[in-house]
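A short worksheet on the structure shown next.
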Amino acid sequence: MRLNSIKLPHFNNAAESASVDIKLPEKVVIAMSQHGGVPCTPLVKPGDEVRTGQLIGDSDAMLSVPIHSSVTGKVTGVTKVLNVFGKVHEALVIETVPNQEMTEGLKPPVINSRKDFIAAVKASGSVGLGGAGFPTHIKFSYDTKSVKIDTLVINGAECEPYITSDYRTFIEEGEKVIDGIRKVMNYLDIENAVIGIEKDKPEAIRKMTELTADNDKISVVSLRSAYPQGAEKVLIYSTTGRVVKEGALPSSVGCVVLNCSTAAVISNYLNTGIPLIRRRVTIDGNIVNKPKNLIVPIGTRACDIIKAADVRIPPDRALFGGPMMGVSFYDEEMPVTKTTNAVLLFGDTKRARHTACIRCGRCVRACSMGLMPTELEHAFDMKDAKRLYDLHVNLCMNCGACSYVCPAKRNLSEKNQLAKMFLRDNDPTKDKFYFER
């Protein structure tokens, strides 16, 4: 069986552009919410001096990860930032100094058990670097008595146009990726690992195949170049043939999914003690003269990235992330977070005119989850929670394929997200009479 998918132009203009460090920004804005979960509380205040790698935000909540300073400098303020999901969080403003120094005491953690390993992964500040930003240590904290994980799935699909940050991780840090994979397998007692890479990245496939040649427990799978190949449930099916049911986690089919860049971060922390403070970001778009991959400190403002982008004209639209699942940002002061894998800049963009649905069925054929986007749109417009539940709207992964193929240019993907929010507040299963009507 082959899942529904769509074919997108690659536009991987920065694929062969080696990553370079961005010029040290004058200041960074480090949000206290860098992940999916509970925001951190600042541990420093205005006037404090901080060093690179220093812990500056933390929380006692399980669903949270610590935040570290990405630069050496002075805290000049605590501000509020609006993240790409529309939520306001605290952020620390740090003015940098020319002499950048690592904080004292950074060293590889001592690990003697699975518990130590999970604690170290949390201390590293590691989150999913493919987009969602789910805390990595939570994925590893499953109950071994009730859950048996036999396969670690490494996500290297990178199926959205323009983005090449994961590809460059394979090329430039492939050894770290493998080391991270081996450490996860060792400490979590996972028997096998599979690395999924789309076939339009032959150099990445070649390098990772060479690096795994001496280990028959780690395999590399060349995936069909299709969208949304990198979605978690799609990737699991493409690499293992297993189906994750609605509402279930990958662990229900014996899998844990880890982004390739996250594996490299884990390796780096376990070997050096340096937490997640920088990340690789692709800079591209139709007004960028020289697409590139930049290594940027977490908290770098969009305006500093745009200055480094070599654009022909000022952008009239800018995105954090890819053109399918990324989010437009309106303020150039917005900072890069741990989950920002690309900054895309566009000019002369045209706004589509929405017309009536012609019932062509293209959106249905494009949906890899087998949903009916036109019916979901109608159910949401009618505020019919029972119908949305029956149509399994919560299976929608917001890949945007339905909106992309729609000849009427309807905002189907956007409606699905609004529908899921509506359903959370109006769950028909809570009212037996309503559910059985």
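In the range 227-280, what residues are among the hydrophobic types (A, V, I, L, M, F, W, C) and over 19 Å from the mean Cα position of the chain (by Cα)?
Hits for the range 227-280 are Val243, Val244, Ala248, Val253, Leu270, Ile274.
Can you give me the number of residues within the range 365-423 that are surrounded by fewer than 17 Cβ atoms within 10 Å (Cβ to Cβ) and closer than 17 Å to Thr355 by Cβ?
Result for the range 365-423: 6.
Applying the selection to the range 251-261, what residues are of a type in the set (S, T, N, Q) and touching a Gly at 6+ places or on another chain (Cβ under 6 Å)?
Residue satisfying the conditions is Asn259 alone.
Counting residues that are within 26 Å of Gly125 (Cβ to Cβ), which strands (runs of 3 or more DSSP E) fully inside the range 175-264 reach at least 3?
Of the strands (runs of 3 or more DSSP E) lying wholly inside the range 175-264, those with at least 3 residues that are within 26 Å of Gly125 (Cβ to Cβ) span 192-198, 255-259.
Only one of (1) crowded, with 21+ Cβ neighbours inside 10 Å; (2) modelled with pLDDT of 95 or more; (3) under 30 Å from Pro407 (Cβ atoms); (4) not β-branched (Val, Ile, Thr) fails for Leu276. Which number is that?
(3)
Just for the range 67-83: of the residues that are modelled with pLDDT of 95 or more and part of a loop (DSSP other than H, G, I, E, B), which one is surrounded by the fewest Cβ atoms within 10 Å (Cβ to Cβ)?
Thr72
Identify the single condition in (1) without any contact (Cβ under 8 Å) to a residue 60 or more places away in the chain; (2) under 27 Å from Thr272 (Cα atoms) that Ile94 does not satisfy, given that it satisfies every other one.
Only one criterion in (1) without any contact (Cβ under 8 Å) to a residue 60 or more places away in the chain; (2) under 27 Å from Thr272 (Cα atoms) is unmet by Ile94, namely (1).
Quick check on Ile111: is it more than 19 Å from Ile30 (Cβ to Cβ), of a type in the set (A, V, I, L, M, F, W, C) and in contact (Cβ under 8 Å) with a residue 24 or more places away in the chain?
yes
Which condition does Phe117 not pass, out of (1) in contact with a helix residue (DSSP H, G or I) (Cβ under 9 Å, 6 or more places away or on another chain); (2) at pLDDT below 95; (3) of a type outside the set (Lys, Arg); (4) more than 19 Å from Thr300 (Cα to Cα), if it passes all the others?
Unmet for Phe117, out of (1) in contact with a helix residue (DSSP H, G or I) (Cβ under 9 Å, 6 or more places away or on another chain); (2) at pLDDT below 95; (3) of a type outside the set (Lys, Arg); (4) more than 19 Å from Thr300 (Cα to Cα): (2).
For Gly86, state whether it is on the phi > 0 side of the Ramachandran plot, at pLDDT 95 or above and in a loop (DSSP other than H, G, I, E, B).
The answer is no for Gly86.
Looking at Leu418, Leu423, Leu388, Leu344, can you tell me which residue is under 30 Å from Leu92 (Cβ atoms) and touching a Phe, Trp or Tyr at 6+ places or on another chain (Cβ under 7 Å)?
Of Leu418, Leu423, Leu388, Leu344, the one residue that is under 30 Å from Leu92 (Cβ atoms) and touching a Phe, Trp or Tyr at 6+ places or on another chain (Cβ under 7 Å) is Leu344.
Out of the residues in the range 389-437 meeting the condition of being over 15 Å from Leu371 (Cα atoms) and acidic (Asp, Glu), tell me which one is modelled with the lowest pLDDT.
Glu436
The values are calculated or read from the model by the stated rules, or taken from the named source; none is laboratory data. Predicted model only: the values in this text are computed from it and were never measured. When we count neighbours, we look across all protein chains shown, and the Cβ atoms used for this are built from the backbone with ideal geometry, even at glycine.
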